[in-house]
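Peer 1: The structure is given below, and queries will be raised subsequently.
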Amino acid sequence: NYTQVFDVDADANERIDVVVECLHGIVSVITTTAVVDVTPSSNGGTMTISGNLVNVNLALSSLTYASQEFFSGPEIISFTATDSHEAVSITRVVNVYVQAVNNPPVITVGPNPLTTLEDSILTLSNITVTDGDYNANTNPNMRLQAVLTASHGGQLEIQTVTTSVKHV
C-alpha cells in the first residue's frame, strides 16, 4: 500500500487529519495504536484518521476498500490531509474501476420442509428467484431460466405462472 502523507514542516507530535471518502463502498483501516483516532465509514461515507504523522501513515498502510454489493463502475476515493500547525489542506484522488462479476441467482423456497399425504396434490407456493445482476436500466431483456424436476415418479404441473420483475 503506497498511501502516505508527507509534511516537511511537521514536528513529531503534530496532529494530522486525513479524511478518506468514497461514494460506492467502504474504506477501512486496521489501527494498531491508540494514538490514532479513526471514525469509520459506511456505504458512501467518510472515514477520518487523526494522529501524528507516523501513526497516521501506519494506519494508512492498512487501508482497504470494498465496493457495495452489486456495484460496478467508476469509483473515486479521495484523500484530504490537514495539518494542525497552519490548518493547510491538500486533496488527492484515486480512480478505481470496479468490474462487474456474474453473481448466481438465488432461489428461495418456503416453508421447508413440506409434508404431504401419499397420492395427494401438494401446492408449492412462495418460490422466489432473484438475480442481483439484473438491472432494468442496463439489461431490460435479461432472461432467467428455471428448471423444475420431480423425483421418485412424481409429476409437476404448473397451473398459473405469475412473474414480477423487481430491480434489486
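The values are calculated or read from the model by the stated rules, or taken from the named source; none is laboratory data. Source: prediction; values computed, not measured. In this analysis, Cβ positions are derived from the backbone assuming ideal geometry, glycine residues included, and neighbour counts consider all displayed protein chains. Accessible surface is based on the protein model in full, side chains and every heavy atom, while ligands, DNA and RNA are left aside. Shrake-Rupley method; radii C 1.70, N 1.55, O 1.52, S 1.80 Å.
Peer 1: Among residues belonging to the range 12-36 that are open to solvent by less than 70 Å² (accessible area, probe 1.4 Å) and of a type in the set (Ser, Thr, Tyr), point out the one that is modelled with the highest pLDDT.
Peer 2: SER28
Peer 1: Now, a different point. Since ILE77 meets every condition but one in (1) outside any strand (DSSP E or B); (2) surrounded by 12 or more Cβ atoms within 10 Å (Cβ to Cβ), which condition does it not meet?
Peer 2: ILE77 satisfies every listed condition except (1).
Peer 1: Could you tell me which residue of the range 43-69 is least open to solvent (accessible area, probe 1.4 Å), considering only residues that are in a helix (DSSP H, G or I) and of a type in the set (Val, Ile, Thr)? Even if it seems obvious, please write down each step before you answer.
Peer 2: Keep residues of the range 43-69 that are in a helix (DSSP H, G or I), which gives 53-60.
From what is left, the residues that are of a type in the set (Val, Ile, Thr) are 54, 56.
Numbers: VAL54: 110, VAL56: 0 Å².
The extreme case among them is VAL56.
Peer 1: Looking only at the range 82-109, which residues are assigned to a strand (DSSP E or B), open to solvent by less than 80 Å² (accessible area, probe 1.4 Å), touching a residue at least 24 places away in the same chain (Cβ under 8 Å) and under 21 Å from ASP133 (Cβ atoms)?
Peer 2: If the condition is that a residue be assigned to a strand (DSSP E or B), open to solvent by less than 80 Å² (accessible area, probe 1.4 Å), touching a residue at least 24 places away in the same chain (Cβ under 8 Å) and under 21 Å from ASP133 (Cβ atoms), then VAL96, VAL98, VAL106 are the ones that fit.
Peer 1: Does ALA146 satisfy being aliphatic (A, V, I, L, M), farther than 30 Å from VAL5 by Cβ, out of contact with any Cys (no Cβ under 9 Å at 6 or more places or on another chain) and not in a strand (DSSP E or B)? Before the answer, list the steps.
Peer 2: Details: aliphatic (A, V, I, L, M): yes; farther than 30 Å from VAL5 by Cβ: yes; out of contact with any Cys (no Cβ under 9 Å at 6 or more places or on another chain): yes; not in a strand (DSSP E or B): yes.
Yes.
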